Amino acid sequence: MLHSKRVFKTWSDVEWVVATALLFVLASSIEAQRVFPPNSPTCYGSGEGRLTAEECKLSLQTLLSSSPKQTAYLKAISSDTFDNFSYSIAISGGTIVVGAPHEDSSYGGVNADPTDNRASNSGAAYVFAQHADRWRLQAYLKAPDPRPGAEFGTSVAISGNTIVVGSAHSSIGQDGTISGTPNSGTAFVFVRDGSQWRQQDVLKASNPDGGDEFGFSVAVFHNTIAVGARLESSASAGINGDPLDNSKQDAGAVYVFESTGQAWNQEAYIKASNPDGVGLPQIFGDRFGSSIALDRNCLAVGAPFEASSAVGVNGNEQDNSLLLAGACYLFERGPSGWQQEAYLKASNTAQGGQFGAAVALSNKTLVVGSEFESGAGIGVNGDQSNTGPARSGAAYLFVHNGSTWIQEAYLKASNPDENDRFGTDVAIAGERIAVGANLEGAIALASGATYVFERDGATWSQSDLLKASNAGEEDLFGLTLAMSRNQLVVGAAGEWSDANLVNGDEHDDSAEEAGAAYVFDFVPDLLSSDTSSIPVGAGGQLVLNLDAGSEHACWAYVVVGSASGASPGLSAGGGLVIPINPDPYFWLTRSKRFAQSGERAVGVFDDQGRATVTLQIPRYPGGFTAGATLHHAFYAFDGASGMSLVSNAVPLALVK
């Protein structure tokens, strides 16, 4: 296998002293931290003066971000006003399911006629499957007997070949007929055989009552389904208590079902350990089950109207002095069944925060949204005093340390404003978290935004801020989120386009609140190195391994570096950013003095899209650069098509 290799020319000690002095003086300045102006008319190199205008333009315009790339724009089969497509969304592998609870078709079943709008707000769900990097509609799901106002698609969940659709205002009984309990709620189970979907089962609560809203939230993991009924009113507490005492109105409940092959049976009836209903001094019911997340044998349940003033993990849950503060409950399934494992509160519990309005769970890591929180912090683990922008919102990250749950991070937007509702929804996959702020208005009022955080070791930091490609007023981008390891789906239930299905005209604003969903693909790590540190007194080689994939075979690449960090990065215009801060080191890596044979650190990928670049980090005996970190990344382009690619940033620590 062929590899392209470039080796930095060894500098003299005098040159290195001058270069590093400039580097660290300027890298520590405010200017070095700013995003480089994309329209700057001149660029400056080191030792060779200004770069040409064309070279500067190429350097900026061919850079692409390592941020997620929007790869699909999803709409309903026939977008209608107020359908609210993407009011709920879920993803599993290469399949996305999108709920539209206010869709009006009156025909039931799978792939029925979607154009007969005689059943107002009966609701629908749409299944999209990915084939060779293209998304296509695979199924259009309806309740077997759609009824006006049932809101099929209030919630959706998917695991492999199983989809669950909640219909919170359905009155259908388990036999598929009208049950006589209005708004009791229903959940429908669909399974896929090959590429064909069919309805498998209808789930009802064991104690259905009018107005319980069974199906307001749903979750599925393999052969286990959880269904939330946020307005259920039983006074029982804990697991499998008395479901018939309706003395605590709107306390809420969750029902767990397990598959026996072709049918689903109720396994557990779960209540909060401190259920409260409507009445003084509580005023509101806890609404336990408003949000749920299921991962293996762990279940997280949000109760955003719970009123305890407790803080943190397993505090005093009986003090109802903070209305609508909110709580989250964690349950674990063991050999003897389900039991409550933890009672979680915000680290800055406050009245009205609604902690638990959204929850996401993955591998013993939990994210809890608190969209009405008013903390003063910005970013990760900032000021938690409740003196910041009102209802700006927050999210809280909890991890299990082997013996108990602890709060690991307190997340805020990088641009918090009043009423942004950061924490409206949350999603997690691996070392990545997404948080929606559906009323964020940087581009247009309530257009919405989504924030992505990533973990490096034990440290979380914001990596991206996403906006819709057609951000419009009151689109509510970020109202719902779903994430797999490599993809993020963002719902904007208030979006107005009249487009249909995949990648239509997103700028036709003729269908008010029709709704849309946006698919983003995360760029994998394209750059790696086996060296994480180099002693400044000895110097050494940094070998960078570039792997852009065979689809980028024979593309040209340029390696660049930074001493002042990888964020916010270098803007290339149009929302594109390379993860390298411009500073003197950046311009040194762009200069002809930085590579042998009078060339820069450039090359061409082999027929597999791979290359190796070896950088010689010079020795400096004085050691005053020790403690600094250099970051390197590459960008690539095909001169014929102008298509571009940017890698992740790789750090190199300079140590004594």
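The values are calculated or read from the model by the stated rules, or taken from the named source; none is laboratory data. Source: prediction; values computed, not measured. Positions of Cβ are backbone-derived with ideal geometry, glycine not excepted, and every protein chain shown enters the neighbour counts. Side chains included, ligands, DNA and RNA excluded: accessible areas come from the protein's heavy atoms. Shrake-Rupley method; radii C 1.70, N 1.55, O 1.52, S 1.80 Å.
When H131, H222 are compared by accessible area of protein heavy atoms, the largest-first order is H222, H131, using a 1.4 Å probe.
Loop only per DSSP, at most 14 neighbouring Cβ atoms within 10 Å: give me the trypsin sites (Lys or Arg not before Pro) in the range 253-347, ordered by residue number. Write down the numbers at each step before the final one.
Values: sites: K271, R287, R296, R333, K345; in loops: K271, R287, R296, K345.
Here the trypsin sites (Lys or Arg not before Pro) that fit, given the DSSP loop and packing criteria, are R296.
Once you reduce the range 350-365 and the range 287-305 to the center of their Cα atoms, the two points are 9 Å from each other. When nucleic acids and ligands are ignored and a 1.4 Å probe is applied, F372 ends up with an accessible area of around 50 Å². Compute the distribution of all C-alpha to C-alpha distances in the range 81-221, in bins of 10 Å from 0, and list the percent of pairs in each, rounded to whole numbers. It works out to 14, 48, 32, 6, 1, in whole percents.
Extension gain Q339-N297, at 0.36 nm per residue separation less the Cα-Cα distance, in nm? Write out the running numbers ahead of the final one.
On the way: separation 42, 0.36 × 42 = 15.12 nm, distance 1.07 nm.
My answer for the length gained is 14.1 nm.
A simple count of charges around S461, restricted to other residues whose Cβ falls under 9 Å of its Cβ and scoring Lys, Arg +1 and Asp, Glu -1, yields -1. For the pair the range 108-129 and the range 429-464, the centres of their Cα atoms are 32 angstrom apart. Rolling a 1.4 Å probe over the protein heavy atoms leaves S447 with an accessible area of roughly 0 Å². Phi angles across the range 526-537 convert, under the Karplus curve 6.51 cos²θ - 1.76 cosθ + 1.60 with θ = phi - 60°, into 3J(HN,Hα) values of 9, 10, 9, 8, 8, 10, 9, 8, 9, x, 5, x Hz, Gly and Pro given as x.
Remark: the S469-I443 segment gains 8.3 nm on full extension, using 0.36 nm per residue and subtracting the alpha carbon distance.
Greater than 26 Å separation of Cα atoms is the criterion. Which listed pairs, K271/K467; K412/K467; K271/K364, meet it? Pairs exceeding 26 Å: K271/K467.
Tell me, what ³J(HN,Hα) does each residue in the range 402-417 have, in order and in whole Hz, if you take phi through Karplus 6.51 cos²θ - 1.76 cosθ + 1.60 with θ = phi - 60° and put x for Gly and Pro? Along the range 402-417, the couplings run x, 10, 7, 8, 9, 7, 9, 7, 10, 10, 10, 5, 6, 9, x, 9 Hz.
For V313, neighbours were defined as the other residues whose beta-carbon sits under 13 Å from its Cβ, and their charges (Lys and Arg +1, Asp and Glu -1) total -2.
Using only alpha carbons, the range 151-277 has a radius of gyration to Kirkwood radius ratio (Rg to Rh) of 0.97. Treating each Cα of the range 394-548 as an identical point scatterer and ignoring solvent, apply the Debye formula and state log10 I(q)/I(0) at q = 0.09, 0.12 Å⁻¹. Log10 I(q)/I(0), no solvent term: -0.39, -0.62. Once backbone amide H atoms are built at 1.01 Å from N, G252 has E232, S233, S234, R287, F288 as its partners under 5 Å, excluding neighbours fewer than 5 places away on the same chain. All other residues whose Cβ lies under 10 angstrom from that of A129 are scored, Lys and Arg at +1 and Asp and Glu at -1, for a net of +3. Go through the range 373-390 residue by residue and turn each phi into a ³J(HN,Hα) via Karplus (6.51, -1.76, 1.60, θ = phi - 60°); whole Hz please, and just put x for glycine and proline. Computed from phi, the couplings for the range 373-390 are 5, 10, x, 8, x, 9, x, 9, 6, x, 5, 9, 5, 7, 10, x, x, 4 Hz.
With the simple spin-label model, which puts each label point 7 Å out from Cα in the Cβ direction, the V313 to K364 separation comes to 1.1 nm. Amide hydrogen proximity for F422: with H placed 1.01 Å from N in the peptide plane, the residues at 5 or more positions away or on another chain lying under 5 Å are G393.
Taken along the Cα-to-beta-carbon direction at a fixed 7 Å, the label points for I378 and V110 span 5.2 nm. Taking all protein chains as they are arranged and a probe of 1.4 Å, the heavy atoms of W460 leave approximately 10 Å² accessible to solvent.
Normalised per residue, the accessible area of the range 321-367 is 31 Å², obtained with a 1.4 Å probe and no contribution from ligands, DNA or RNA. Mean sequence separation of contacting Cα pairs (under 8 Å, at least six apart), scaled by the length of the range 83-223, corresponds to a relative contact order of 20 percent. Fully extending the segment from H222 to D508 would add 99.0 nm, taking 0.36 nm per residue of separation and subtracting the current Cα-Cα distance.
Taking amide H as placed 1.01 Å from N in the peptide plane, E408 has its amide H under 5 Å from the amide H of L397, F398, V399, each at least 5 places away in sequence or on another chain.
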